[in-house]
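A.B. asks: Can you read through this structure? Questions will come right after.
The values are calculated or read from the model by the stated rules, or taken from the named source; none is laboratory data. Since the model is a prediction, treat every value here as computed from it, not as a measurement. FYI the Cβ positions are ideal-geometry reconstructions off the backbone, even for glycines, and counts take in every protein chain you see. For the accessible areas, the whole protein counts, side chains as well, though only heavy atoms, and no ligand, DNA or RNA atoms are used. Shrake-Rupley method; radii C 1.70, N 1.55, O 1.52, S 1.80 Å.
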Amino acid sequence: MHYSKQKFEDFIVNSRTILNISTRTSGIKEAVGNFGYTEERLAEGQRLYDELVEIAKLQEQKEEEKKVCFDRKAAFQAKVSADYMKYLKIARIVFNKDDEAFLSLALKGQRERTYDKWYHQVSVFCNNLLANPEYIAKMKMFGVKKSNIEDLRDELYALQRYMEECTRISATVRRLVKDKKYRMIKWQEWLSNYIKIVRIALQGVSVENKKRLNQLLSHGE
């Protein structure tokens, strides 16, 4: 049985069928038992299968958490960006003839597109504006209070916490993908060897058990 030839979900279902037939059919257990596949060895296969299923479910759960996290982060970033752009446009009017303020508040040019660089732009704007009482006084003349900029800075910090959470979940997903791949290989190795033994055991059994073994093998194709 090769994972590359089947969808993962199909592989899992067929694997479970093979285990069920193997453990619940006395004739099959007796046939493979003669070739070293005792109760303990079949239990080892069950354990490898269960571990793979468990890690696959956990990965699926974390993938969903990752999606929700990034969706939430994107929505919140859109709000922060909208507030920032409003104050930025006002600042460009307020400091139109103040080259020093334009440089200090990073007012010139396009806004960055990557998160880290964009975050730096907004952070520079908030921190340098709040650090200069004269800038705040001028902004207030156009309806922007110090508290407005403080709120924007706090939103920016909250956004970064969202981003850090999403980054942690992403790291967990990467670890689970790696773990799932490892467990998949271990389970495939066990199953491949088992099916080879079943094919050998098939040669010396009764007609009825041969039918059952053929049924088992059909799920390994």
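A.B. asks: Quick check on the range 179-221: of everything there that is open to solvent by 90 Å² or more (accessible area, probe 1.4 Å) and over 35 Å from the mean Cα position of the chain (by Cα), which residue is modelled with the lowest pLDDT?
C.D. replies: We begin by selecting, within the range 179-221, every residue open to solvent by 90 Å² or more (accessible area, probe 1.4 Å); these are 181-182, 189, 196, 199, 203, 207-208, 211, 215, 221.
Subset that is over 35 Å from the mean Cα position of the chain (by Cα): 196, 199, 203, 207-208, 211, 215.
On the way: K196: 85, R199: 78, Q203: 71, V207: 55, E208: 58, K211: 61, Q215: 59.
Here the residue is V207.
A.B. asks: Right, here's the next one. Quick check on the range 24-52: of everything there that is farther than 15 Å from W190 by Cα and of a type outside the set (G, A, S), which residue is most open to solvent (accessible area, probe 1.4 Å)?
C.D. replies: R24
A.B. asks: Is it the case that the range 132-144 has a residue that's within 30 Å of E60 (Cα to Cα) and either among the hydroxyl-bearing types (S, T, Y) or not in a helix (DSSP H, G or I) (or both)? Steps first, answer last, please.
C.D. replies: Residues of the range 132-144 that are within 30 Å of E60 (Cα to Cα), as a first pass: none.
Scanning the range 132-144, I find no residue that is within 30 Å of E60 (Cα to Cα) and either among the hydroxyl-bearing types (S, T, Y) or not in a helix (DSSP H, G or I) (or both), so the answer is no.
A.B. asks: From the list K73, K79, K66, K86, which residue is over 30 Å from I149 (Cβ atoms), at pLDDT 95 or above and out of contact with any Asp or Glu (no Cβ under 6 Å at 6 or more places or on another chain)? So that I can check it myself, show each step before the final result.
C.D. replies: Working: K73 fails: over 30 Å from I149 (Cβ atoms); K79 fails: over 30 Å from I149 (Cβ atoms); K86 fails: over 30 Å from I149 (Cβ atoms).
Sole residue among the options that is over 30 Å from I149 (Cβ atoms), at pLDDT 95 or above and out of contact with any Asp or Glu (no Cβ under 6 Å at 6 or more places or on another chain): K66.
A.B. asks: A further question follows. Give the number of residues within the range 103-119 that are crowded, with 16+ Cβ neighbours inside 10 Å and of a type outside the set (S, T, N, Q).
C.D. replies: Just the residues of the range 103-119 that are crowded, with 16+ Cβ neighbours inside 10 Å, to begin with: 104-107, 118-119.
Right, trim to of a type outside the set (S, T, N, Q) and you get 105-107, 118-119.
The qualifying residues number 5.
A.B. asks: Name the one entry in L159, L130, L176 that is buried (at least 17 other Cβ atoms within 10 Å of the Cβ), in contact with an Asp or Glu (Cβ under 9 Å, 6 or more places away or on another chain) and either of a type outside the set (D, E, K, R) or farther than 30 Å from I55 by Cβ (or both). Lay out the reasoning, then the answer.
C.D. replies: Values: L159 fails: in contact with an Asp or Glu (Cβ under 9 Å, 6 or more places away or on another chain); L130 fails: buried (at least 17 other Cβ atoms within 10 Å of the Cβ).
One residue alone meets the criteria, L176.
A.B. asks: How many residues does the range 91-102 hold that are open to solvent by 40 Å² or more (accessible area, probe 1.4 Å), under 18 Å from I149 (Cα atoms) and either part of a loop (DSSP other than H, G, I, E, B) or not aromatic (F, W, Y) (or both)?
C.D. replies: 2
A.B. asks: Right, here's the next one. Taking the conditions exactly as written (touching a residue at least 40 places away in the same chain (Cβ under 8 Å), not charged (D, E, K, R) and not in a helix (DSSP H, G or I)), does Y37 satisfy them or not?
C.D. replies: Details: touching a residue at least 40 places away in the same chain (Cβ under 8 Å): yes; not charged (D, E, K, R): yes; not in a helix (DSSP H, G or I): yes.
Judged against the criteria, Y37 is a match.
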